Every structure is written in structure tokens, then in C-alpha cells.
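*Asks:* Would you mind keeping the following structure in view while I ask a few things?
The values are calculated or read from the model by the stated rules, or taken from the named source; none is laboratory data. As the structure is a computational prediction, the values presented were derived from the model and not from experiment. Don't worry about glycine lacking a Cβ; one is built from the backbone with ideal geometry, like all the others, and counts go over all protein chains shown.
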Amino acid sequence: MPSVQTLKFLPQHNGNWYTAFRLIPAWLKDDKDPEEYNRPWMIFIVDLDTGAIINLTLMKEKPAANQAYDFLTQSMVTPARNSITSQRPRVIYFEDESLAVEMESRLSELKIKTIYDPQEKATDEIVENLLPFVLQGQIPLPGLLNQHGVKLDLVSSVFKNATKLWEVKPWDILNNEDILGVWVGEQNKPYYVSLMGSGGMEFGFAVFKSQNELEQFFVELATKITKIPTKGRHVFLYNPPPMISFDDMDLVDEHHLSIPSIKHFPTPLLFKPDDIYRPSATMLRWYEAFLLVLPDLINDLQPDLAPLEKQYVVNTVKGETTVKVKYPAFSKKKINLWKNDGALKMMAEMIRKASES
């Protein structure tokens, strides 16, 4: 940090600076632990007379008064390359009122006037223009509320019931081959659900909309060559950073929604060959109903996991609906046949390649 004496020796120009900070939609790997990610704060200074960015930096935590003062004074001594020469401005405008108050006496010693003058719209535009340089190719995952027809009450219910399910830990009871057949409401044919997490790695469940899709999944599992179907594959995961939507995170903070933790953030996704999408409102309502039932189902299956076919009635945000569940939807013998078919296909492919070489 430059000394006050050093700062006083800087020439004072008739400049007007504006400083603000924002929590931005990006992840930075922790310097000490590469498996940990931090969502940074961006603090910047803009010259109001020219529109030039005088300086910007990223911080792990919301800038406190001392950090902001150090950033401002260091920017006077060494501004960003090609922006301005070393100088003291005449005025610094602040978007944050508490920061302006705390800076007033310290900056007045340098004969710099402090003014609280929030320009949120302009700040948002500046941040939006700077983000591509900061994100460096990161593409933020869209939020659930960005999907057509999805409302806050539905997202809130999904997160709340996903949190309850996390506490039940159904993957300790069922593994990915304990397939559930699930009918929600007037659904004619079941969706098939495979729980993930029994290996202690990735928690959640996958939803297959047909027997053919499920069979193909187990065939590919044996060959270790997984192809995402053209129509996509639905999964509901408890994700750690960086596979979390910033919009969803902001929604949780703003409305105090329930989640298990930031490292186990409920994240329904639709994987397609070209990209990752969020589920539709219809699929999200399906998730809501299923999440409401699953804790009761796990309780009904214990202690011996005997076959079960049962219809439940649940209260969703749209009202009462039925959820029918069949366990198991397919026998382990059937699943093993699919896997064996995959193994045979893999061997046949290996023999074909060997004969061609």
C-alpha cells in the first residue's frame, strides 16, 4: 500500500472517478486447494470524464474498507496500462454508501472529495461489458426461472423437497441398478429412475423416459462408451461448484430458499449432444412430485427391499396429484442381460478392429 506521503506527492488532476463492486457469475479455483472454488467480487474504477477503466481486480470476499482503500490508492500510483498517468483525482464517487462514509476522512487527507452517488444501471452495463474478459470462456448455466412457465413457488418447492431427500440419503438404500418405475398424474407410461450416489461420488438420480433409453444406457455402461440421446438425458444432481447456476444461487440467497449446502446444490439438468440445458416447467413439476414421494417410498421399502407397487397422493404447488411407483421396475437379471449385451458388442468391435489391422 502506498504511503500517504507518496500519495500526496502525486499530481492532482481535475478527474472524476467512480468505483463500485459486484459479485460476479464466475468461479475461481482456490490457490491452496484446486478442488475448491470461490465466487469472486469484482471491484473497478472508471473515469467518468472519458469512460476509461482505470483499474479492476477480483477479490475472494466482498471488499472491506481497508481493501477498497488499498485498491483505490494503488490505482492512483499504478493505474491500468494505457488508461491514465499516475495522479490523484479531484472526486471519487461511490456506489456503496457505507464505503463512501468510511472513505471520506481517509481520502480527505489526500484532498480528494468523496461523494455517494449510486449509478446502478451504468454499473450493470460496465460489469456486463467486462465479464467476457473475466469469464475467459466460462458459460454460466442458465437459471431455472429463465425457463418458460417456471415460477418461483415451483423452484422453491423443488429445492425444499430436494433438501428433505438429501437428509434421507436414498442412495444408501438403493443403487443405480434398483430401477424405479414412476407414473405422475395422468402419465400413461412410466419414467424409469436410477439413483446415483451409492459409490459416494455423484449424488442424485437419472430419469429415463422409455425402456429403450434405459436399456441403451446399461448397454453403453458395459462398453464404457456413453452417447447422449438426441432428445437428451434428464438428471437431477446435487452439484458442487462450478456446475451450479449463479442465477439459482442468487435466487436462494434473495428468497432464503432451502438447499443442503453450496457443495450439494440441487441442480436438475438436461444433457444434449450439443449442450447442457435446464428442464422445462413440465419436467420440473414432475421432479417436484417425485421428490415429494421418494422419502416415503424409501421408508416403505425398508428393511428388506421387498417388491412394491404403490400409489401415493402428494400436494404440489399446482394442487393434489398422484404418484405411482413400482419397485423394482426390472429385475437385476434383466439389467445384467443388457450389460452382457453391451460387453458382447464391445468384444465384437474389438475383434473387428483386430481383424482389420
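*Asks:* Report whether or not D341 is at pLDDT below 95, in a helix (DSSP H, G or I), farther than 23 Å from L221 by Cβ and among the acidic types (D, E).
*Replies:* No.
*Asks:* A further question follows. For the stretch 236-283, what are the residues that are among the basic types (K, R), out of contact with any helix residue (DSSP H, G or I) (no Cβ under 9 Å at 6 or more places or on another chain) and closer than 25 Å to E213 by Cα?
*Replies:* K272, the sole residue that qualifies.
*Asks:* Just the residues that are assigned to a loop (DSSP other than H, G, I, E, B), touching a Lys or Arg at 6+ places or on another chain (Cβ under 8 Å) and either farther than 30 Å from L28 by Cβ or among the aromatic types (F, W, Y) (or both), please, taken from the stretch 138-190.
*Replies:* Correct list: E177, P190.
*Asks:* Among the residues of the stretch 302-328, which ones are more than 28 Å from L154 (Cα to Cα) and either aliphatic (A, V, I, L, M) or under 31 Å from the mean Cα position of the chain (by Cα) (or both)?
*Replies:* Correct list: L305, A306, L308.
*Asks:* Taking the stretch 6-45 only, how many residues are in a loop (DSSP other than H, G, I, E, B) and either in contact with a Pro (Cβ under 7 Å, 6 or more places away or on another chain) or among the hydroxyl-bearing types (S, T, Y) (or both)?
*Replies:* So the answer is 6.
Rundown of residues vs (1) among the acidic types (D, E); (2) in contact (Cβ under 8 Å) with a residue 24 or more places away in the chain; (3) over 27 Å from P34 (Cα atoms), yes/no style:
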{"position": "S245", "(1), (2), (3)": "no, yes, no"}
{"position": "D248", "(1), (2), (3)": "yes, yes, no"}
{"position": "V252", "(1), (2), (3)": "no, yes, no"}
{"position": "L257", "(1), (2), (3)": "no, yes, yes"}
{"position": "H264", "(1), (2), (3)": "no, yes, no"}
{"position": "T267", "(1), (2), (3)": "no, yes, no"}
{"position": "Y277", "(1), (2), (3)": "no, yes, no"}
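*Asks:* Restricting attention to the stretch 260-275, which residues are more than 12 Å from the chain's Cα centre (by Cα) and under 18 Å from I139 (Cβ atoms)?
*Replies:* The answer is L270, F271, K272, P273, D274, D275.
*Asks:* Find the residue count for the stretch 236-248, including only residues that are surrounded by 20 or more Cβ atoms within 10 Å (Cβ to Cβ) and assigned to a helix (DSSP H, G or I).
*Replies:* 1
*Asks:* Go through the stretch 98-124 residue by residue and tally those that are assigned to a helix (DSSP H, G or I) and surrounded by 12 or more Cβ atoms within 10 Å (Cβ to Cβ).
*Replies:* Number satisfying all stated conditions: 11.
*Asks:* Also: Need the failing condition index for V77 against (1) of a type in the set (A, V, I, L, M); (2) at pLDDT 90 or above; (3) more than 22 Å from K111 (Cβ to Cβ), just the number.
*Replies:* (3)
*Asks:* Any residue at all in the stretch 214-229 that's modelled with pLDDT of 90 or more, of a type in the set (A, V, I, L, M, F, W, C) and surrounded by 19 or more Cβ atoms within 10 Å (Cβ to Cβ)?
*Replies:* There is at least one residue in the stretch 214-229 that is modelled with pLDDT of 90 or more, of a type in the set (A, V, I, L, M, F, W, C) and surrounded by 19 or more Cβ atoms within 10 Å (Cβ to Cβ).
*Asks:* Restricting to the stretch 263-322, what's the tally of residues that are part of a loop (DSSP other than H, G, I, E, B) and of a type in the set (D, E, K, R)?
*Replies:* 7
*Asks:* Which one of N38, N55 is surrounded by 13 or more Cβ atoms within 10 Å (Cβ to Cβ), touching a Lys or Arg at 6+ places or on another chain (Cβ under 6 Å), outside the structural domain of T267 (by TED's automatic domain parsing) and touching a residue at least 12 places away in the same chain (Cβ under 8 Å)?
*Replies:* Going through N38, N55 in turn, the sole match is N38.
*Asks:* Then there's this: Quick check on this structure: which one of A68, A100 is free of Cβ contacts under 8 Å to residues at least 24 places away in the same chain, within 36 Å of the chain's Cα centre (by Cα) and assigned by TED's automatic domain parsing to the domain that holds R39?
*Replies:* A100
*Asks:* Also, quick follow-up: Going through the stretch 249-286 one residue at a time, which ones are crowded, with 17+ Cβ neighbours inside 10 Å and among the basic types (K, R)?
*Replies:* R278, R285
*Asks:* Next up: Among the residues of the stretch 72-97, count how many are in a helix (DSSP H, G or I) and either more than 21 Å from D124 (Cα to Cα) or not assigned by TED's automatic domain parsing to the domain that holds R22 (or both).
*Replies:* 5
*Asks:* Please verify whether V168 is crowded, with 16+ Cβ neighbours inside 10 Å and either of a type in the set (V, I, T) or touching a helix residue (DSSP H, G or I) at 6+ places or on another chain (Cβ under 9 Å) (or both), treating the condition exactly as stated.
*Replies:* no
*Asks:* Determine which member of the set A26, A65 is surrounded by 19 or more Cβ atoms within 10 Å (Cβ to Cβ) and modelled with pLDDT under 95.
*Replies:* A26
*Asks:* Evaluate the stretch 133-144: report whether one residue or more is modelled with pLDDT of 95 or more and surrounded by 14 or more Cβ atoms within 10 Å (Cβ to Cβ).
*Replies:* Yes, that holds for at least one residue.
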